[in-house]
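For reference, the structure discussed in these notes is given below.
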Amino acid sequence: MKALVIGSGGREHALAWKLLQSPRITEVVCIPGNAGTATLKGCTNVALNPSDFEGIARVSLVNNLALVVVGPEQPLAEGIVDALQAQGIAVFGPTQAGAQVEASKAWAKDLMAAAGIPTAASAVFSEASAAIAHVEAQGAPIVVKADGLAAGKGVTVAQSVELAKAAIEAAFGGQFGSAGQRVVIEEYLVGQEASVLAVTDGRTIRPLVPAQDHKPIGVGDTGPNTGGMGAYAPTPVVPPDLLVRIQETILEPAIAAFQSRGIDYRGVLYAGLMITPDGTPKVVEFNCRFGDPETQVVLPLLETPLDDIFMACIEQRLEDLPPLEWKSQAAACVVAAAEGYPDTYQKGMVISGLAAAEEVGTLVFHGGTQLKEGQVIANGGRVLGVTALGDTVEAAVALAYQGMAEIQFDTLYFRPDIGYRVRAES
């Protein structure tokens, strides 16, 4: 059985790596992939744009690929699943209708309200003046979100009214293109964030091991938000009893809400949660795909073959799949970025020390990299992630940093405090 993974980040490298561990998967094709997938045994890159649905369908049919897995949100929002399904291709991921849960925060808020899913109070605005008036009336801290897809960078947690107004003006001024021409303004929630990725066949939904990521660029979770600077799993902030509560009050009502709207949602539903001080889980956002870097800590802990899960979702038989099996360990990932990210940053730097990092026992998942004349070159803001397993989160974090110490490129930046909450508590 051959599979196709669409995307070029660390998440897609981790998906391809995990699929190749299955006894049934003989080959994985990545479109377009990166230097990590290019050098992964059993994996081949094809240089196509993830929005080239006709080209992707042709590659799938010509190469007799039995399974297509869509990594990023953009092609899902553009309707790649609908296009490939129309050609009779088996695809893991929601249709364009289902992907609205991430493509429009206002749409997702409406879905949550209809389903009674706990989330922050919010209001939606299509004009800057009305949004600013609302912020002035509400006060700070307050959260400003671009309604559409902004590559994980469209959220501002404003500690002052002035910062909130600046974020509104930037959004309507074109910082996020069409994604910012409508904004969602939310109450500021206090607590710890957690990520619960769940797989669903449109009727049954099963959570994966809960993770916690670090979105801000700076130490102590300060500075602007990024796509994610590191993660660990399982997170102690979501113990087993709370995961059951999340299943009952968030995941299952969400699937019922999709059904009530006539949407057959198959794929990943990723609940970004705030666990409030009294232990109540509230949805910060829903995403329609695997998280990045959460995937790099969740999949290394998974024992069940990944293609079994994907095919059970596609064929709507998830209920019959045996309980998912997990390693009794923890995993941690530290992301190496190019200095200046999430704003302007350099590309083209030669990366060294990758083999040495793997020799100390870590996994290196490539993000923004490319292979050029036999060298691995930095080609993005988040360049790669170093993942390690350990008996505890603290042990996994320590080994991940040991691996990171082996890697070098000009302008390399990483946060030195991934997992600091867990380490402070232990």
Extension length gain for Ser260 and Glu187 (0.36 nm per residue less Cα distance), in nm, is 23.5 nm
For region 201-213, Karplus-derived ³J(HN,Hα) couplings (6.51, -1.76, 1.60; θ = phi - 60°; whole Hz; x for glycine and proline) come out as 9, x, 10, 9, 9, 10, x, 8, 4, x, 10, 9, 10
One can check that the equivalent ellipsoid of region 2-95, built from the alpha-carbon gyration tensor with semi-axes equal to the square roots of five times its eigenvalues, has lengths in Å, largest first, of 19, 14, 12
Placing each pseudo-label 7 Å from Cα in the direction of the beta carbon, Arg203 and Lys347 end up separated by a distance in nanometres of 4.6 nm
Quick numbers on region 192-320, Rg and Dmax over C-alpha atoms in Å, give 14.7, 45
Place a point 7 Å from the Cα of Asp308 in the direction of its beta carbon; the residues of region 1-40 whose amide N falls under 12 Å from it are 22-24
The long-range amide H neighbours of Leu4, using H built 1.01 Å from N in the peptide plane and a cut-off of under 5 Å, are Val29, Leu67, Val68, Val69
Stretched fully, the stretch from Ala356 through Glu27 gains (0.36 nm per residue minus C-alpha distance, one decimal, in nm) 115.8 nm
Checking rank on 47-54, 88-95, 155-162, with mean other Cβ inside 10 Å and highest first, the result is 88-95, 155-162, 47-54
Cα extents of the chain per principal axis, largest first, Å, are 58, 47, 42
Taking a label point 7 Å from the Cα of Gln375 along Cα-to-Cβ, the residues of region 397-424 whose backbone nitrogen sits under 17 Å from it are 407-412
Phi angles of region 334-342, converted by Karplus (6.51 cos²θ - 1.76 cosθ + 1.60, θ = phi - 60°) into ³J(HN,Hα) in whole Hz with x for Gly and Pro, give 10, 8, 9, 10, 7, 3, x, 4, x
Between the modelled labels at Asp82 and Ala121 (7 Å from Cα along Cα→Cβ) the distance in nm is 3.6 nm
Violations at 27 Å Cα threshold for listed pairs Lys215/Lys347; Lys327/Lys347; Lys105/Lys327 -> Lys327/Lys347; Lys105/Lys327
Dividing the helical contributions, -39500 (n - 2.57) per DSSP H run of n ≥ 4, by the residues of the chain yields a 222 nm value, nearest 500 deg cm²/dmol, of -8500 deg cm²/dmol
Going residue by residue through region 49-59, the Karplus relation 6.51 cos²θ - 1.76 cosθ + 1.60 with θ = phi - 60° gives ³J(HN,Hα) values, rounded to whole Hz and with x marking Gly or Pro, of 6, x, 8, 8, 5, 5, x, 5, 4, 5, 4
Across His366, His134, His214, the residue with the highest GNM fluctuation in the chain (Cα network, 10 Å cutoff) is His134
Residue separation between Ala151 and Glu319 times 0.36 nm, minus their alpha-carbon distance, gives in nm 57.2 nm
Listed by chain and number, the lysines with an alpha carbon less than 21 angstrom from that of Lys41, same-chain partners under 8 positions apart left out, are Lys2, Lys18, Lys372
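A short reminder: the numbers here are calculations on the coordinates, not readings from a lab. Please read all numbers here as calculations on a predicted model, not as lab measurements. We place every Cβ from the backbone using ideal geometry, glycine too, and count neighbours over all the protein chains shown.
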